[in-house]
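Novice: Before I ask anything, let me first share the structure, which is written out below as structure tokens.
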Amino acid sequence: MKFRKCKGLKGQVTVPGDKSISHRSVMFGSLANGTTEIHNFLQGTDCLSTIACFRSMGVEIENRGQVVTVRGNGLRGLKKPEHMLDCNNSGTTIRLISGILAGQHFASSLTGDSSIQKRPMKRILNPLSQMGAQIRSIKGNGCAPLEILGGPLQGIHYHSPVASAQVKSAILLAGLYAGGETKVTEPYVSRDHTERMLSCFGADVRTEGATAFIRPARELYGQKILVPGDISSAAFFLAAGLILPGSEILVRNVGVNPTRDGFLHVCRNMGANLTLLNEDHGSSEPTADILVKSSPLHGTVISGAIIPTLIDELPILAAMACFADGETVIRDAQELKVKESNRIAVMVQNLKAMGAQVEETGDGMVIQGGKPLHGAQIDSNGDHRIAMTFAVAGSAAEGETEILGAECVKISYPGFYEDWGRLAR
Ligand code: S3P
């Protein structure tokens with residue numbers, strides 16, 4: 001896929017449904033009694049992997065595109081899968097399902113693609129073992145494939161060394177099956193979609209600061225779910241609208257949950273002309289339309305508690321920083337090394353190929369902005385967020401940028417290039 005400098009982005013776009021919320025709606029719907037109807041479900045390959053896994057455990061799931069209907073089997077109604085569950089590229093699928101399988105009275109195993117098989121799983125193996133599950137890395141390297149024999153679980157208070165919603169959610173889901181209360185304390189608050197949605201399904205879950213609590217559930221109840229647009233997908237259009245001169249972009253119906261909206265705060269800190277319209281706080285996940293106009297940006301520091309609230313937006317923020325005046329420092333972001341690719345190394349290498357002044361640090365990077373970028377050949381490393389980041393950077397750089405492995409955007413945004421083509425001038 002090739003990109004050339006474009007004159008700007010104009011118009012409106014509705015990005016697809018939120019990936020994190022789509023996964024959870026299928027998982028919790030499968031564990032509920034009754035029917036769960038999911039509107040605006042993300043048809044990205046990660047979420048389709050979640051559907052496939054629950055179908056393999058005997059759940060009837062009808063996928064009619066925009067609407068997905070899950071006929072739940074109840075908390076104790078999942079069937080032993082006949083084969084190893086394949087989570088493909090999806091970290092959310094493998095980690096959250098592990099928490100659910102820890103509470104089942106059958107043995108199962110889970111795997112995924114070559115990227116998933118390199119991602120750290122000890123972060124869930126440790127707490128789930130402490131709760132009483134027999135769970136192990138089959139190759140003994142702390143990664144997938146995993147084997148799980150669930151059993152009687154006990155509630156624990158887990159102090160997670162990382163702020164990770166995937167870890168927190170795996171433990172909370174196991175906590176549905178545990179004796180007594182389960183608590184997870186994180187160094188910083190991570191996205192809270194699990195807590196919000198489980199509460200709607202009837203679970204006894206609450207939060208206090210950076211600790212989430214859950215009590216075992218007798219039953220969950222099927223729900224109607226409206227999945228908001230994914231702020232992590234919206235970020236690419238918002239970034240492009242800010243850095244490409246002459247742009248004005250309205251992204252409609254975006255989820256603006258405060259544990260996910262760090263990108264908007266950083267944009268404002270960098271001087272962005274960004275407005276939230278039609279804010280709706282009426283349902284469990286708040287939404288808004290977001291309007292941006294091209295803006296002169298300046299560098300900033302991104303570190304500490306805000307990091308988990310924009311973890312997936314750091315690649316596009318790093319690219320934006322190249323078009324901002326002055327220095328941008330990203331710190332406390334070592335989690336980027338264990339995403340779909342090592343996003344620190346991959347970003348630094350690809351931005352350097354475009355002529356950016358950027359240095360890798362142990363937990364982030366330092367970018368000297370304000371110097372023009374030139375086109376280059378970019379390897380996405382099969383990482384959807386890297387591919388979309390360089391579609392934006394390539395459209396703001398001189399000359400031509402070629403993205404290798406560009407089709408990986410189907411993981412979170414199957415229609416990205418079509419939407420981009422409609423808006424780019
Ligand atoms: C996700 C949590 C984040 C995020 C991922 C989706 C989730 O990972 O990077 O894309 O749905 O819970 P961590 O919680 O491991 O940081």
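Novice: Within segment 82-96, how many residues are surrounded by 22 or more Cβ atoms within 10 Å (Cβ to Cβ), free of Cβ contacts under 8 Å to residues at least 60 places away in the same chain and assigned to a loop (DSSP other than H, G, I, E, B)?
Specialist: Looking only at that region, the number is 1.
Novice: A further question on this structure: Restricting segment 213-233 to residues that are of a type in the set (G, A, S) and within 16 Å of the ligand (Cβ to nearest atom), which is nearest to M197 (Cα to Cα)?
Specialist: From segment 213-233, those of a type in the set (G, A, S) are 217, 222, 229, 232-233; that's our starting set.
Now drop any that are not within 16 Å of the ligand (Cβ to nearest atom), which leaves 229, 232-233.
Details: G229: 16, S232: 19, S233: 21 Å.
Applying the filter and picking the extreme gives G229.
Novice: On to the next question. It is to be established whether one or more residues within segment 298-305 are closer than 23 Å to G246 by Cβ, at pLDDT 95 or above and within 16 Å of the ligand (Cβ to nearest atom).
Specialist: no
Novice: Quick one: how many residues across segment 193-223 are in contact (Cβ under 8 Å) with a residue 60 or more places away in the chain, crowded, with 21+ Cβ neighbours inside 10 Å and under 21 Å from the mean Cα position of the chain (by Cα)?
Specialist: 4
Novice: Can you tell me how many residues within segment 97-107 are within 16 Å of the ligand (Cβ to nearest atom) and assigned to a loop (DSSP other than H, G, I, E, B)? Reasoning before the result, please.
Specialist: Keep residues of segment 97-107 that are within 16 Å of the ligand (Cβ to nearest atom), which gives 97-100.
Remaining after also requiring assigned to a loop (DSSP other than H, G, I, E, B): none.
Adding up the residues that qualify gives 0.
Novice: Could you list, in sequence order, all residues of segment 219-239 that are part of a strand (DSSP E or B) and of a type in the set (G, A, S)? It would help to see each step written out before you state the result.
Specialist: Taking segment 219-239 and keeping what is part of a strand (DSSP E or B), we get 221, 224-226, 229.
Hit for segment 219-239 is G229, nothing else.
Novice: For G74, state whether it is of a type in the set (G, A, S), away from the ligand (no atom under 15 Å from the Cβ) and crowded, with 24+ Cβ neighbours inside 10 Å.
Specialist: So G74 fails the test.
Each row is one residue, and each column tells you yes or no for (1) out of contact with any strand residue (DSSP E or B) (no Cβ under 6 Å at 6 or more places or on another chain); (2) over 18 Å from A165 (Cα atoms).
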position: G175; (1), (2): no, no
position: G179; (1), (2): no, yes
position: V184; (1), (2): no, no
position: E195; (1), (2): no, no
position: L198; (1), (2): no, no
position: G202; (1), (2): no, yes
position: T207; (1), (2): yes, no
position: A212; (1), (2): no, no
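Novice: Specify the residue that is farthest from the ligand (Cβ to nearest atom); the eligible residues are those in segment 8-37 that are in contact with a Ser or Thr (Cβ under 9 Å, 6 or more places away or on another chain) and in a loop (DSSP other than H, G, I, E, B).
Specialist: Per the stated criteria, the residue is G8.
Novice: So how many residues does segment 159-174 have that are more than 10 Å from the ligand (Cβ to nearest atom) and closer than 28 Å to K80 by Cα?
Specialist: So the count comes out to 4.
Novice: Still on this model: Given the conditions (1) crowded, with 16+ Cβ neighbours inside 10 Å; (2) more than 26 Å from the chain's Cα centre (by Cα); (3) not small (G, A, S), and given that Q134 satisfies all but one, which numbered condition is not satisfied?
Specialist: Every listed condition holds for Q134 apart from (1).
Novice: Among the residues of segment 340-354, which ones are under 18 Å from the mean Cα position of the chain (by Cα) and free of Cβ contacts under 8 Å to residues at least 40 places away in the same chain?
Specialist: Hits for segment 340-354 are N342, I344.
The values are calculated or read from the model by the stated rules, or taken from the named source; none is laboratory data. Please read all numbers here as calculations on a predicted model, not as lab measurements. Backbone-built Cβ (ideal geometry, glycine too); neighbour counts: all protein chains shown.
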